Amino acid sequence: MPDSDTLAFADRPTDTVGLVTPHVAKFDTPLSLACGKVLPEYELIYETYGTLNAERSNAVLICHALSGHHHAAGYHSEEDRKPGWWDAHIGPGKPIDTNRFFVVSLNNLGGCHGSTGPVSHNPETGRQWGPDFPMVTVSDWVASQARLADHLGIAKWAAAVGGSLGGMQVLQWTMVYPDRVANAVVIAATPRLSAQNIAFNEVARQAIRSDPDFFEGWYAEHDTVPKRGLKLARMVGHITYLSEDAMGSKFGRDLRSNDLNFGFGVEFQVESYLRYQGDTFSTAFDANTYLLMTKALDYFDPAATQGGDLAHALAPAQCPFLIVSFTTDWRFPPPRSRELVDALTRAGKSVSYANIDSPHGHDAFLLPEPRYDAVFGAFMNRAARDLKLDQAAAEETP
Amino acid sequence: MMRADLELIYDWVPEGAHVLDLACGDGVLLEALAKHKGVSGYGLEIDHDGITGCIARGVNVIEHNLDDGLGSFCDNSYDQVIMTQALQALRRPDKMLDEMLRVAEEGIITFPNFAYWRHRVHLGLRGYMPVSKSLPHAWYDTPNIHLSTFNDFEHLCRDKGLMIVDRAVGVGDHRGHWTSRLWPNLFGEIAIFRVRRR
């Protein structure tokens, strides 16, 4: 039973969870997937922050977004320049306060950061899974996360929390395992992708699939990666994560040198930035995983099986919800969150909603912002109070 | 200790009712109603501190600008819609009244009575726009763009064919002196109405 991965860490700010080490959980019970295929066995890599209490009632599940992973907070080594992707919100005294919550953050199935996915070994063929890795959906992820909860002895999450695609997983939890989630936080998400969202995803997929180095997904066997395709996919994606204002204020029409050079090299700062983001991503992320994750986004639509009635789809949910959107998010804009809020109120569920003023577009969910943090923290504190976590902690320490 | 008008409203909300509280502030009323009367529902608010306050209390709150109407709420989906001290700040108070009574059969509305004697003294004798406990802003920065009187609101209800189930006034921290019950338009600082569709 992992207790805590956190260690004291001298030269970092005091509100960090410190040095963390990932764990791997192995599962040999086959998992039936939505696509009809069966994963005979798989592994999930995860990290934990904070301490699980004796009642096992203080666990918080973090669900990651499109290109996210298990490393949500803290540092892997003293040399790490950057902390985990959600370090702004997970740690001592932060909205997800590791002084009272035990945080579990995993890499989803199909990922490329240590959980079983396209880069893993396929026991049936002896090759890498590659493009043979079955299509996984949000519901498959949640089913696998429930097994991870079983593995950790967590019968019910104090809260399930996620932004963007992570928020969709949280929604799925509340509908499929209503008795296993005490609170739900859904940030910068949507109950279904719009045609425009799917269109952007399709451009990203086509960029990857049309790269000559893609080899129908078998690039690893050709000792190459479809770098150009992945780079383009990331560049397109990145544009949708930022707001027009954020891009404008960050780059404007600034040039890298003083003069126009009437060519197709990098001239504007924004071009340089996008190319850099694309280049970095193209060597760090697996193309097959990117394809799978974008399909999981496209497919998510819990209302579809209920005749389009989202309120009906949400009927099984039992827990209080916090829904948060950001004013300049045009990927999953505030009206999409409001659609979710309206379905929840129609279904008579407990829900609060805040639309946070931020210039940072979709990316705002990752960044610290006083009002966002206040709302998020207030919800988590209330959750802790209702679960009597502070009381339990006080009783444990004589 | 709740604001005087909230205490009165508290008594007017039936046990177990499903309510919408428009401009719910930091959620004190909804919290008390949920705790002691088993009332469910949602607060609508636009003030950031109010929203955070509600969430901290565990009161359901939805960030919503009342000038956008109540379009996302279905007809007859609530037992009561409550709106305290917000009518005067809306762009179209008359349309909000229609909206409230579309969503619920009954509405409870409170607003500062512009005809309160102190306000009259301010304007009539001293020649200044009234500033008081219920109207604390200066004329240039007030959010209160549609001030009205106890009598004005009765007129509006009559024009709309609404039934006034109850009316009361608040004066300062008290529920009202006998004078305010006799002459509400003159002695009531806060007007409190319970109205219904016919």
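The values are calculated or read from the model by the stated rules, or taken from the named source; none is laboratory data. Remember, it's a predicted structure, so these values are computed and weren't measured experimentally. FYI the Cβ positions are ideal-geometry reconstructions off the backbone, even for glycines, and counts take in every protein chain you see.
Among the residues of the range A:103-127 satisfying the criterion of being among the polar types (S, T, N, Q) and surrounded by fewer than 20 Cβ atoms within 10 Å (Cβ to Cβ), which is farthest from A:L148 (Cα to Cα)?
Narrowing the range A:103-127 to residues among the polar types (S, T, N, Q): A:105, A:107-108, A:115-116, A:120, A:122, A:125.
Checking which are surrounded by fewer than 20 Cβ atoms within 10 Å (Cβ to Cβ) leaves us with A:120, A:122, A:125.
Working: A:S120: 19, A:N122: 21, A:T125: 26 Å.
It comes out as A:T125.
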- Query: What are the residues in the range A:313-338 that are among the charged types (D, E, K, R), closer than 22 Å to B:I51 by Cα and part of a loop (DSSP other than H, G, I, E, B), if any?
  - Reply: A:D329
- Query: Going by the conditions given, is A:N58 surrounded by fewer than 21 Cβ atoms within 10 Å (Cβ to Cβ) and either over 15 Å from the mean Cα position of the chain (by Cα) or more than 30 Å from A:G217 (Cβ to Cβ) (or both)?
  - Reply: no
- Query: Does the range B:80-99 contain at least one residue that is within 14 Å of another protein chain (Cβ to nearest Cβ) and out of contact with any strand residue (DSSP E or B) (no Cβ under 7 Å at 6 or more places or on another chain)?
  - Reply: no
- Query: Can you pull out the residues in the range A:162-200 that are within 18 Å of A:P335 (Cα to Cα) and free of Cβ contacts under 8 Å to residues at least 40 places away in the same chain?
  - Reply: A:A195, A:Q196
- Note on the structure: Every listed condition ((1) within 11 Å of chain A (Cβ to nearest Cβ); (2) crowded, with 22+ Cβ neighbours inside 10 Å; (3) not aliphatic (A, V, I, L, M)) holds for B:D68 save (2)
- Scanning the range A:339-356 for residues that are in a helix (DSSP H, G or I), more than 7 Å from chain B (Cβ to nearest Cβ) and touching a strand residue (DSSP E or B) at 6+ places or on another chain (Cβ under 9 Å), the one surrounded by the fewest Cβ atoms within 10 Å (Cβ to Cβ) turns out to be A:L340
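Per-residue answers, yes or no, for (1) closer than 18 Å to B:L66 by Cβ; (2) within 14 Å of the chain's Cα centre (by Cα):
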position	(1), (2)
B:D94	yes, yes
B:Y116	no, no
B:M129	no, no
B:S134	no, yes
- Note on the structure: Residue pairs within 8 Å by beta carbon, gap of at least six or interchain, first lying in the range B:47-74 and at pLDDT 95 or above, second among the acidic types (D, E) and in a loop (DSSP other than H, G, I, E, B), listed first then second, are B:D49/B:D26; B:G50/B:D26; B:G53/B:D26; B:C54/B:D26; B:R57/B:D26
- Query: Taking interchain pairs and intrachain pairs at least six residues apart, which have beta carbon atoms under 6 angstrom, with the first residue in the range A:277-299 and over 14 Å from A:R209 (Cβ atoms) and the second in a helix (DSSP H, G or I) and aliphatic (A, V, I, L, M)?
  - Reply: A:G278/A:M235; A:S282/A:L230; A:A296/A:V138; A:L297/A:L165; A:D298/A:I198
- Does any residue in the range A:366-386 that is more than 9 Å from chain B (Cβ to nearest Cβ) and under 19 Å from A:F321 (Cβ atoms) come within less than 8 Å, Cβ to Cβ, of a residue that is in a helix (DSSP H, G or I) and among the acidic types (D, E) six or more places away or on a different chain, and which pairs are these? A:A384/A:D390
- Only one of B:G161, B:G71 is more than 30 Å from A:L310 (Cβ to Cβ), among the small types (G, A, S) and either in a loop (DSSP other than H, G, I, E, B) or out of contact with any Lys or Arg (no Cβ under 6 Å at 6 or more places or on another chain) (or both); which? B:G161
